Amino acid sequence: MTVHERGQWSSKIGFIFAAAGSAIGLGNIWRFPYVTGQNGGAAFVFVYLLCVLVIGLPYLYAELALGRAMQKNPAGAISAIKPGSPWICIGGLGIVTGLFILSYYAVIAGWTFGYIFKMVVPNQMEFDEFVSQPILVVGLFAIFIFITVIVVYGGVQGGIERWAKILMPVLFVLLLVLIIYANFLSGSSKGLAFYLKPDFSKITGKVVLAALGQAFFSLSLGMGLMVTYGSYISKEDNLITSGFYVAMADTAIAIMAGLIIFPALFAMGQDPAAGPGLVFQVLPAIFRNMPGGILVGVIFFILLSIAALTSTISLLEVPTAYLVDEKRIVRKVAVWVVGGLTFLLGLPSALSQGAVAWLSKPIAGNMEFLSLMDFLWGNISLALGAFLLSIFVGWIWGAKYAAKELARGNPGFAKWARLWGFLIRFVVPIFIFIILLNLFKVF
Ligand code: TRP
């Protein structure tokens, strides 16, 4: 199966694996622990889970319903409903957001790839030294984009899906083993408390903004990706249960990553607020002390690289599909254009972790270039996109039509349609709007 023609997923499971492959990635294992650490731990986790359930999941259904009903990419679906209206800008915003997220995401994915080999090198550089080597980081970044382009270019997504079916369960088991190991380290219980015992007084506007952004980022929402993936789902399939499985799998993997990182981090006396380098500092230290740790580490970073690859594929897909559908550019050319553009856009991020001094200094609100990109595109822009699209689906297209689409393949949904309509018309956009106002406090 390929999703490049307007085909359909081979089966319900095909969609679940492709969507879960997009959702599960560095967002769960790299971003979730570092953002949790920076935002005070358990109270953030609590708000995050609330955001997934009350905002993320209902909004995921809106994207899936729009895509399947219109059988089109986001821009196409919007103009099918409201031809020539400014709402089409949501599609444009999604494309730009996808490009920028991919630009720094592939930098982190490059580090992950590099760590596969770094694990077996006996005389190990520390993380800070590793990421400040310009040729090394740019090289790894380029390799990762290259691999993504080759995979999308060759259209071997069917193969990737088959792999994902085997490798995701292996990742799951490996995470379980690491959870057990990390929680036996002495001093680890303090980490577990930091992660799971909420101090609700720590919930501020900034914390809620971070949690909301993390929910969208991790579920691959807010830029129309799930509209595109939804358009390949067959009319008989049950969007409600499929979406639910994807959201649960994604959330479970993120929570598991935290159950490894925080106990280990406190056991080793490291700083939970260390930022984007957090997991790259903590995990190799665990592997170094663990019996058979080098092998475990190699397998772990291979799996994480593949999880990142199934996400970069989905990020590359949205701008590529736009060039193919709307600009009539041949797919094979479009893939290279998007890949090349991503490389240029990502260079400053790649060099912002010590390689180039002025990029590595805090630029705005204590964030260096890469963190700033992650905040602007991976948080604010996704929230803004979701705000606009929830209004579009709830009010312009109409929650009634969307609910009808959701009830196909799930007749029981009729009971919930009013609640869902209320969430998508009022709760989701109003909540996002209020939370976005905290933007002004960050800078
Ligand atoms: N969700 C992915 C992760 O957690 C990242 C990602 C892939 C993404 N595609 C996306 C984020 C689309 C937002 C939108 O790693």
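The values are calculated or read from the model by the stated rules, or taken from the named source; none is laboratory data. None of the values given here were measured: they were computed from a predicted structure. For neighbour counting, all protein chains shown are included, and Cβ atoms are generated from backbone atoms with ideal geometry for every residue, glycine included. Ligands, DNA and RNA are stripped out before the accessible areas are found, and what is left, the full protein with its side chains, is counted by its heavy atoms. Shrake-Rupley method; radii C 1.70, N 1.55, O 1.52, S 1.80 Å.
Considering each of Leu351, Leu370, Leu345, Leu382 in turn, give the residue that is surrounded by fewer than 23 Cβ atoms within 10 Å (Cβ to Cβ) and either modelled with pLDDT of 95 or more or aromatic (Phe, Trp, Tyr) (or both). Walk me through it before giving the result.
Details: Leu351 fails: surrounded by fewer than 23 Cβ atoms within 10 Å (Cβ to Cβ); Leu370 fails: surrounded by fewer than 23 Cβ atoms within 10 Å (Cβ to Cβ); Leu382 fails: surrounded by fewer than 23 Cβ atoms within 10 Å (Cβ to Cβ).
Unique residue meeting the criteria: Leu345.
Residues in region 174-200 that are over 18 Å from Ala264 (Cα atoms) and either free of Cβ contacts under 8 Å to residues at least 12 places away in the same chain or not in a helix (DSSP H, G or I) (or both): how many? Break it down stepwise before answering.
Filtering region 174-200 down to residues over 18 Å from Ala264 (Cα atoms) leaves 198-200.
Okay, now just the ones that are also either free of Cβ contacts under 8 Å to residues at least 12 places away in the same chain or not in a helix (DSSP H, G or I) (or both), so 198-199.
Total satisfying the criteria: 2.
Within region 14-28, is even one residue surrounded by fewer than 24 Cβ atoms within 10 Å (Cβ to Cβ), away from the ligand (no atom under 14 Å from the Cβ), closer than 28 Å to Ala273 by Cα and touching a residue at least 24 places away in the same chain (Cβ under 8 Å)?
No, there is no match, as no residue in region 14-28 is surrounded by fewer than 24 Cβ atoms within 10 Å (Cβ to Cβ), away from the ligand (no atom under 14 Å from the Cβ), closer than 28 Å to Ala273 by Cα and touching a residue at least 24 places away in the same chain (Cβ under 8 Å).
Out of the residues in region 348-396 that are hydroxyl-bearing (Ser, Thr, Tyr) and assigned to a helix (DSSP H, G or I), which is nearest to the chain's Cα centre (by Cα)?
If we filter region 348-396 for residues that are hydroxyl-bearing (Ser, Thr, Tyr), which is where we start, we get 349, 352, 360, 371, 381, 390.
Still in the running and assigned to a helix (DSSP H, G or I): 349, 360, 371, 381, 390.
Working: Ser349: 17, Ser360: 24, Ser371: 15, Ser381: 13, Ser390: 19 Å.
This residue is Ser381.
So which helices (runs of 4 or more DSSP H) are wholly in region 224-310 and hold at least 2 residues that are more than 23 Å from the chain's Cα centre (by Cα) and buried (at least 18 other Cβ atoms within 10 Å of the Cβ)?
Here the list reads 239-267, 278-289.
Regarding region 29-48, can at least one residue be identified that is closer than 25 Å to Asn238 by Cβ and either away from the ligand (no atom under 13 Å from the Cβ) or open to solvent by less than 10 Å² (accessible area, probe 1.4 Å) (or both)? So that I can check it myself, show each step before the final result.
Of all residues in region 29-48, those closer than 25 Å to Asn238 by Cβ come to none.
No, there is no match, as no residue in region 29-48 is closer than 25 Å to Asn238 by Cβ and either away from the ligand (no atom under 13 Å from the Cβ) or open to solvent by less than 10 Å² (accessible area, probe 1.4 Å) (or both).
Could you check region 236-274 and list, in sequence order, the residues that are away from the ligand (no atom under 16 Å from the Cβ) and under 30 Å from Gln8 (Cα atoms)?
Filtering region 236-274 down to residues away from the ligand (no atom under 16 Å from the Cβ) leaves 236-242, 244, 259-260, 262-274.
Listed by number, the residues that qualify are Glu236, Asp237, Asn238, Leu239, Ile240, Thr241, Ser242, Phe244.
So which of Trp397, Trp358, Trp420 ends up being surrounded by fewer than 20 Cβ atoms within 10 Å (Cβ to Cβ) and either of a type in the set (A, V, I, L, M, F, W, C) or in contact (Cβ under 8 Å) with a residue 24 or more places away in the chain (or both)? Steps first, answer last, please.
Working: Trp397 fails: surrounded by fewer than 20 Cβ atoms within 10 Å (Cβ to Cβ); Trp420 fails: surrounded by fewer than 20 Cβ atoms within 10 Å (Cβ to Cβ).
It is Trp358.
Give me a count of the residues in region 214-232 that are touching a Leu at 6+ places or on another chain (Cβ under 6 Å) and on the phi > 0 side of the Ramachandran plot.
Qualifying residue count, region 214-232: 1.
For region 96-121, which residues satisfy the criterion of being within 14 Å of the ligand (Cβ to nearest atom), open to solvent by 20 Å² or more (accessible area, probe 1.4 Å) and either in contact with a Leu (Cβ under 9 Å, 6 or more places away or on another chain) or of a type in the set (Lys, Arg) (or both)?
Matches in region 96-121: Leu99, Phe100.
Is it the case that Ile329 is assigned to a helix (DSSP H, G or I) and out of contact with any His (no Cβ under 9 Å at 6 or more places or on another chain)? Steps first, please.
Working: assigned to a helix (DSSP H, G or I): no; out of contact with any His (no Cβ under 9 Å at 6 or more places or on another chain): yes.
In short, no.
Name the residue, out of Ser201, Ser218, Ser188, that is open to solvent by less than 20 Å² (accessible area, probe 1.4 Å) and more than 16 Å from the ligand (Cβ to nearest atom). Please lay out each step first, then the result.
Working: Ser201 fails: open to solvent by less than 20 Å² (accessible area, probe 1.4 Å); Ser218 fails: more than 16 Å from the ligand (Cβ to nearest atom).
It is Ser188.
Going by the conditions given, is Lys72 charged (D, E, K, R), open to solvent by 20 Å² or more (accessible area, probe 1.4 Å) and part of a helix (DSSP H, G or I)?
Numbers: charged (D, E, K, R): yes; open to solvent by 20 Å² or more (accessible area, probe 1.4 Å): yes; part of a helix (DSSP H, G or I): no.
Here the answer is no, as Lys72 does not meet what is asked.
Among all residue pairs at least 6 apart or on different chains, which show Cβ distances below 6 Å where the first residue, located in region 314-341, is hydroxyl-bearing (Ser, Thr, Tyr) and the second is part of a helix (DSSP H, G or I)?
Ser314/Ser22; Ser314/Leu225; Thr320/Ala334; Thr320/Val335; Thr320/Val338; Tyr322/Ile95
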